[in-house]
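Worksheet: the structure to be examined is printed underneath.
The values are calculated or read from the model by the stated rules, or taken from the named source; none is laboratory data. Source: prediction; values computed, not measured. For neighbour counting, all protein chains shown are included, and Cβ atoms are generated from backbone atoms with ideal geometry for every residue, glycine included.
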Amino acid sequence: MPITILSLSVIHFIIVFIFIFLPSILWIIALIDILKSNFRDSNGKIIWALVVIFLPIIGSILYFAIGRSQKIK
């Protein structure tokens, strides 16, 4: 089956969704969660905000994997 313009645009949409839209949403959710939370360490909020801002994808993943356990519940 030959690749048509329609199927090519669907592939582009999927690529844009995976590599641009999802990381952007993850970044925004991480920043909102950091700014609304209190951390055990007084500098925890600043450190995590800087990590997420300067390393958006890796910082967001690290925050959700490690940083959320440092919050005061």
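In the range 47-70, which residues are β-branched (V, I, T) and touching a strand residue (DSSP E or B) at 6+ places or on another chain (Cβ under 9 Å)?
Result: I47, single match.
Could you list, in sequence order, all residues of the range 46-69 that are at pLDDT below 95 and surrounded by 16 or more Cβ atoms within 10 Å (Cβ to Cβ)?
Answer for the range 46-69, where residues must be at pLDDT below 95 and surrounded by 16 or more Cβ atoms within 10 Å (Cβ to Cβ): P56, G67.
Inside the range 31-45, can you point out the residues that are surrounded by 16 or more Cβ atoms within 10 Å (Cβ to Cβ) and either at pLDDT 95 or above or in a helix (DSSP H, G or I) (or both)?
If the condition is that a residue be surrounded by 16 or more Cβ atoms within 10 Å (Cβ to Cβ) and either at pLDDT 95 or above or in a helix (DSSP H, G or I) (or both), then L31, D33, I34, G44, K45 are the ones that fit.
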